[in-house]
Each structure stands twice: as C-alpha cells, then as structure tokens.
Amino acid sequence: MNEDEAYREVSRQGAAYPMMSISTADDLAVVHLFRDADSCFLLDGDWVVDEDTSRDFRIFDTDVPFGGAFVCTAIRAQTVVEAFARGTDPDELGSWTLL
C-alpha cells in the first residue's frame with residue numbers, strides 16, 4: 001500500500017474467496033479474512049495498542065473503531081497480506097477471530 005491508501009482488498013488470481021482486506025492508520029493496521037461470502041475473521045493483534053483501547057480505521061468511506069485486540073503494526077499486516085497473496089494458507093499467518 002502507498003501512503004495515500006487506507007484500505008485495500010486482496011484476493012488470489014482467479015478466485016473471489018478467500019479474500020483479505022487491510023486497513024491502515026498511521027503505522028497500525030487491522031486485517032480481515034473472508035473465507036467465503038458469509039464469514040469474516042479478524043487477525044488477532046500483536047498488543048501494540050492496549051486491549052481496552054480502540055482506534056479508528058477507514059473501511060471504504062467510513063471510519064470504524066477496532067479494539068486493541070485486533071490492531072497490529074502495519075508492517076506485520078503487510079507481511080501477512082503479501083504472504084496470503086503468494087498462496088500461504090491464512091491459518092499459517094496468525095490467529096483469527098470470527099466476527
């Protein structure tokens with residue numbers, strides 16, 4: 001993602017699902033995993049923000065608050081999304097919580 005982007009969706013070539021999205025704010029991020037059209041998981045955070053604190057992340061044109069339990073560094077999020085795009089199984093990239 002470049003500096004002007006705050007939200008991006010990524011899927012593997014030729015497949016609508018699974019799909020990931022990454023939302024960034026400053027040097028922090030949240031990552032969603034959609035295994036199919038009816039499921040949504042969040043990548044568990046890496047404790048860079050206190051669990052009881054929330055941060056806003058842009059999704060499309062809306063700022064959405066996420067608790068610290070799901071916030072990670074933008075570098076970690078980018079690494080996860082890039083590995084997913086290369087074919088790594090999402091379960092090998094971290095722990096996911098079903099919403």
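The values are calculated or read from the model by the stated rules, or taken from the named source; none is laboratory data. Only a predicted model underlies this, so the values are computations on that prediction, with no experimental measurement involved. Positions of Cβ are backbone-derived with ideal geometry, glycine not excepted, and every protein chain shown enters the neighbour counts. In case anyone asks, the SASA skips ligands and DNA or RNA and just uses the protein heavy atoms, side chains included. Shrake-Rupley method; radii C 1.70, N 1.55, O 1.52, S 1.80 Å.
Model label sites at Trp47 and Ile75, defined 7 Å from Cα along the beta-carbon direction, differ in position by 1.8 nm. In a Debye calculation with equal point scatterers on the alpha-carbon sites of the chain and no solvent, what is log10 I(q)/I(0) at q = 0.14, 0.17, 0.19, 0.21 Å⁻¹? Log10 I(q)/I(0), no solvent term: -0.46, -0.69, -0.88, -1.08. Near Gly45, the amide H atoms lying under 5 Å from its own belong to Phe70, Val71; only residues 5 or more places off or on other chains count, and H is placed 1.01 Å from N. The slack in the chain from Leu98 to Asp26, taken as 0.36 nm per residue of separation less the alpha-carbon distance, amounts to 23.4 nm. Between Ser39 and Ser11, 0.36 nm times their residue separation minus their Cα-Cα distance comes to what? Result: 8.6 nm gained on full extension. Helix 74-85 versus the longest principal axis of the chain: what angle, 0 to 90°, nearest 10, using Cα atoms? With both axes taken from Cα atoms, the answer is about 10 degrees.
By accessible area, using a 1.4 Å probe on protein heavy atoms only, the chain has 46% of its surface on carbon and sulfur. Considering only GluC sites (Glu not before Pro) in DSSP loops that have at most 16 other Cβ atoms within 10 Å, the longest stretch of the chain without any of them is 52-99. In the range 14-49, what chymotrypsin sites (Phe, Trp or Tyr not before Pro) fall in a loop by DSSP, with at most 12 other Cβ atoms inside 10 Å? Loop-located and lightly packed - Trp47. Taking the chain as a Gaussian network of alpha-carbon nodes connected by springs under 10 Å, the highest mean-square fluctuation of the residues Gly87, Gly45, Gly67 belongs to Gly87.
Accessible surface calculations at 1.4 Å, restricted to protein heavy atoms, place the chain at 58 Å² per residue.
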